[in-house]
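Colleague: Pasting a structure here, questions to come.
The values are calculated or read from the model by the stated rules, or taken from the named source; none is laboratory data. What you see is a predicted model, and the numbers here were worked out from it, not measured in a lab. Cβ sites come from the backbone with ideal geometry, for glycine too, and all protein chains shown count toward neighbours. Accessible surface areas use protein heavy atoms only, side chains included; no ligands, DNA or RNA. Shrake-Rupley method; radii C 1.70, N 1.55, O 1.52, S 1.80 Å.
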Amino acid sequence: MPKVRTEKKSKPRVNPIQRQGISFNTGIGQHILKNPMIVTSMVEKAALRPTDVVLEVGPGTGNMTVKLLEKVKRVVACEVDPRMVAEVHKRVQGTPMAPKLQMMVGDVLKTDLPFFDVCVANLPYQISSPFTFKLLLHRPFFRCAILMFQREFAERLVAKPGDTLYCRLSVNTQLLARVDHILKVGKNNFRPPPKVESSVVRIEPRNPPPPINFKEWDGFIKICFSRKNKTIGSSFKNKKVLELMEKNYRVARTVKNETIPSDFNVKDTLMELLENAGFSERRARMMSLEDFIELLGIFNKAGFHFL
């Protein structure tokens, strides 16, 4: 009888990370960027120099880290998961890249950022806002940041007056930096896939920054956008806002040893300021960055502050 040839079944390919038994913790935002073309594109958009120090946040298994190490003087990678720290070290040990890698283990929001020229990050999306402002308030200035965000968050960062997503986040970010949307990234480019689409944004700090106290600015913008579809006049008629404005006004006048008129009425004074400046009927969602800067200056000149 002729021999019957049986076809050997090929073994399914197993990702080395899976084979080592490492599971990704989506609860802390572990969605590893697996598409090498996206990784390469992000590295290219950073316009890196051989003398650069790069801060990478959330290196995961090191796909981006290796690409960065090939191009720069040093990579400081901040990772909260010790398993991923070990994985990145494993990727570069015994290679010329190993001495150029510095790992920081811990929560980047609770860590003092080191000196760096460029930041590249595939961020856990739940820390997008606090990390962005930690970055923008960091000194000395860095050259630029290439950051992966949830798509809607990225669109808020770059939104312009009149856009549906234009908000407090848009104005605060654009005060401190130039922001450009550079790349859309589908959820299937990650392992495991997140539930949302993503985008890559380029952030370039304004250097020098505008001569504005950011803490005061944020307090001011918070009031303006508390009811972004209402008029600015309506926002400043709110009882709690009026109480805050009067308290701050009285403190500022006292510090300067200035007397407060006996007939002072905070609501009437504010409404008159807004009316005379042409802002009473304006709406925050339609106001530009320059409009907000002008309005804050008018308040400050009249003795009103937001600290």
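Colleague: Provide the per residue accessible area, probe 1.4 Å, for segment 107-206, rounded to a whole number of square angstrom. Can you show the working numbers first?
Modeller: Numbers: 4080 Å² over 100 residues.
Per residue, segment 107-206 has 41 Å² of solvent-accessible surface.
Colleague: Using the charge dipole of the chain (Lys, Arg: +1 at Cβ; Asp, Glu: -1 at Cβ; taken about the Cα centre), state which of LEU136, ALA159, LEU68 has its Cα farthest towards the positive end.
Modeller: LEU68
Colleague: At q = 0.14, 0.16, 0.18 Å⁻¹, what base-10 log of I(q)/I(0) does the Debye formula yield for segment 76-212 when every alpha carbon is treated as an equal point scatterer in vacuo?
Modeller: -0.73, -0.93, -1.13
Colleague: Taking each pair of different alpha-carbon atoms in segment 171-210 once, compute 1/r for the pair, average those values, and report the inverse of that mean as the Kirkwood hydrodynamic radius in Å to one decimal. Before the final figure, lay out each step's value.
Modeller: Numbers: mean 1/r = 0.0843 Å⁻¹.
One over the average 1/r among Cα pairs gives 11.9 Å for segment 171-210.
Colleague: Which label marks the calculated value of Rg/Rh (Cα atoms, Kirkwood Rh), given the options (i) 1.01; (ii) 0.97; (iii) 1.14?
Modeller: Read-out taken from this structure: (iii).
Colleague: Can you tell me what the convex hull of the Cα atoms of segment 101-145 projects to on average, as an area in nm²? Working shown, then result.
Modeller: Numbers: hull surface 13.5 nm².
So the mean shadow area of the Cα hull is 3.4 nm².
Colleague: Quick one: 3J(HN,Hα) in Hz for segment 60-72, Karplus 6.51/-1.76/1.60 with θ = phi - 60°, rounded, Gly and Pro as x.
Modeller: Going residue by residue, I get x, 8, x, 4, 6, 4, 4, 5, 5, 4, 5, 10, 10 Hz, with x marking Gly and Pro.
Colleague: Let me test this: with uniform point scatterers at the alpha carbons of segment 158-292, what is the Debye-based log₁₀ I(q)/I(0) at q = 0.21 1/Å?
Modeller: Per q value, in the given order, log10 I(q)/I(0) is -1.29.
Colleague: Follow-up. Sort HIS138, HIS89, HIS305 from largest to smallest accessible area, using a 1.4 Å probe on the heavy atoms of the protein chains.
Modeller: Values: HIS138 25, HIS89 80, HIS305 55 Å².
The most accessible residue leads, giving HIS89, HIS305, HIS138.
Colleague: Measure off 7 Å from each Cα along the Cα-to-Cβ vector at ASP107 and LYS71, then give the distance between these two points in nanometres to one decimal.
Modeller: Each label point lies 7 Å from its Cα, and together they span 3.2 nm.
Colleague: Return a whole-number percent for the relative contact order of segment 135-205, with Cα pairs under 8 Å and 6 or more residues apart as the contact set. Could the numbers behind the result be given before it?
Modeller: Numbers: 109 pairs, mean separation 30.6, N = 71.
Dividing the mean separation by the residue count of segment 135-205 yields 43 percent.
Colleague: When only Cα pairs under 8 Å and 6 or more residues apart are kept, what is the percent relative contact order across the chain?
Modeller: Working: 448 pairs, mean separation 44.3, N = 307.
Reported relative contact order: 14 percent.
Colleague: Roughly to the nearest percent, how much of the accessible area of segment 114-256 is carbon and sulfur, given a 1.4 Å probe? Mind showing how you got there, number by number?
Modeller: Values: 3420 of 6550 Å².
The C+S portion of the solvent-accessible surface of segment 114-256 is 52 percent.
Colleague: Continuing with the same structure: How compact is segment 192-262 by the rule of thumb for globular proteins, expressed as Cα Rg over 2.2 N^0.38 Å?
Modeller: 1.72
Colleague: Which lysines have a Cα less than 22 Å from the Cα of LYS67, not counting those fewer than 8 places away in the same chain?
Modeller: Candidates past the 8-residue exclusion: LYS34, LYS45, LYS90, LYS100, LYS184, LYS187.
Colleague: Evaluate the distance, in nm, between pseudo-label points positioned 7 Å from the Cα of GLU152 and of ARG227 along their respective Cα→Cβ axes.
Modeller: About 2.4 nm, to one decimal.
Colleague: I'd like to know which of PHE279, PHE220, PHE299 lies farthest towards the positive end of the charge dipole of segment 215-307, counting +1 on Cβ of Lys and Arg and -1 on Cβ of Asp and Glu.
Modeller: Value computed over the given set: PHE220.
Colleague: P(r) for segment 260-307, please, calculated from all Cα pair distances in 10 Å bins and given in %.
Modeller: Pair shares across the bins are 23, 54, 19, 4.
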